[in-house]
1. Can you tell me which residues in region 31-52 are over 26 Å from residue 133 (Cβ atoms), within 16 Å of the ligand (Cβ to nearest atom) and either touching a residue at least 12 places away in the same chain (Cβ under 8 Å) or of a type outside the set (Val, Ile, Thr) (or both)?
2. Of these, 90, 130, 76, which one is surrounded by fewer than 17 Cβ atoms within 10 Å (Cβ to Cβ) and at negative phi?
3. Which residue, of 110, 82, is under 20 Å from residue 29 (Cα atoms) and crowded, with 17+ Cβ neighbours inside 10 Å?
4. Look through 12, 79 and report the one residue that is out of contact with any Ser or Thr (no Cβ under 9 Å at 6 or more places or on another chain), assigned to a loop (DSSP other than H, G, I, E, B) and either among the hydroxyl-bearing types (Ser, Thr, Tyr) or within 19 Å of residue 108 (Cα to Cα) (or both).
5. Of the residues 55, 28, 116, only one is in a loop (DSSP other than H, G, I, E, B), within 11 Å of the ligand (Cβ to nearest atom) and either open to solvent by less than 60 Å² (accessible area, probe 1.4 Å) or not basic (Lys, Arg) (or both); which?
6. Out of (1) without any contact (Cβ under 8 Å) to a residue 40 or more places away in the chain; (2) at negative phi; (3) surrounded by 16 or more Cβ atoms within 10 Å (Cβ to Cβ), what's the single condition that is false for residue 95?
7. Filtering region 1-22 down to residues that are open to solvent by 10 Å² or more (accessible area, probe 1.4 Å), in contact with a helix residue (DSSP H, G or I) (Cβ under 7 Å, 6 or more places away or on another chain) and within 16 Å of residue 139 (Cβ to Cβ), which residue is nearest to the ligand (Cβ to nearest atom)?
Amino acid sequence: MKKVAVIMGSASDLPIAEKAIEQLESLNVPYEVHVFSAHRTPSEAMGFASKADDNGIAAIIAVAGKAAHLAGVLASHTSVPVIGIPAQGSDLGGMDALLSTVQMPPGIPVATMAINGGKNAAIFAAQILSLSEPGLKEKLKTLRSDMTKNVLESNKAIEEKYNK
Ligand code: RP5
């Protein structure tokens, strides 16, 4: 199976990246993890993105906060799909990173998740890989049906408690 790369703009983004990593692990999706900054290590970020396809990466998850250019810069150097996670900074609550990540110019798309949306980024990356991996498609189906079961169970418990 091809791999997912999880890139963060700073080690301080690790708690958000970990949500994605945990979800990839639970789906048995192979991954690699790096810290590359669009601003502080732009050459390394570019070098990684331009070789991603040759290195067997099928999707890139990019976590960054503040003026979050990481996802867009990676996307500009590869045709591998890039999934951006805007990180919630303390100053503007993540709106800065959300807008910096989502407002890409036509031609260089970034699939932007919710602020701190690590879990969905991993699921979306797995969905991309699952196009050529029937086993992974089955795991994603199970993930959905487990979610449905959990909601139905919590509904039952709440209905029993309040609807007398
Ligand atoms: C961004 O600036 C990083 O992605 C991080 O979210 C934010 C703050 O970085 P540090 O100052 O904590 O390294 O580039």
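1. 35, 36, 37, 38, 39, 40, 42, 43, 44, 45, 46
2. Of 90, 130, 76, the one residue that is surrounded by fewer than 17 Cβ atoms within 10 Å (Cβ to Cβ) and at negative phi is 90.
3. Being under 20 Å from residue 29 (Cα atoms) and crowded, with 17+ Cβ neighbours inside 10 Å holds for just one of 110, 82, which is 82.
4. Among 12, 79, only 79 is out of contact with any Ser or Thr (no Cβ under 9 Å at 6 or more places or on another chain), assigned to a loop (DSSP other than H, G, I, E, B) and either among the hydroxyl-bearing types (Ser, Thr, Tyr) or within 19 Å of residue 108 (Cα to Cα) (or both).
5. None of the others qualify; the one that does is 116.
6. Failed condition: (3).
7. Out of the qualifying residues, it is 2.
Results for (1) in contact (Cβ under 8 Å) with a residue 40 or more places away in the chain; (2) over 17 Å from residue 127 (Cα atoms), shown as yes or no for each residue.
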residue	(1), (2)
61	yes, no
70	yes, yes
77	no, yes
80	no, no
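The values are calculated or read from the model by the stated rules, or taken from the named source; none is laboratory data. The model shown is predicted, which means the values in this text are computed figures rather than measured ones. All Cβ positions, glycine included, derive from the backbone under ideal geometry; neighbour counts span all protein chains shown. Heavy atoms of the whole protein, side chains included, go into the accessibility calculation; ligands, DNA and RNA do not. Shrake-Rupley method; radii C 1.70, N 1.55, O 1.52, S 1.80 Å.
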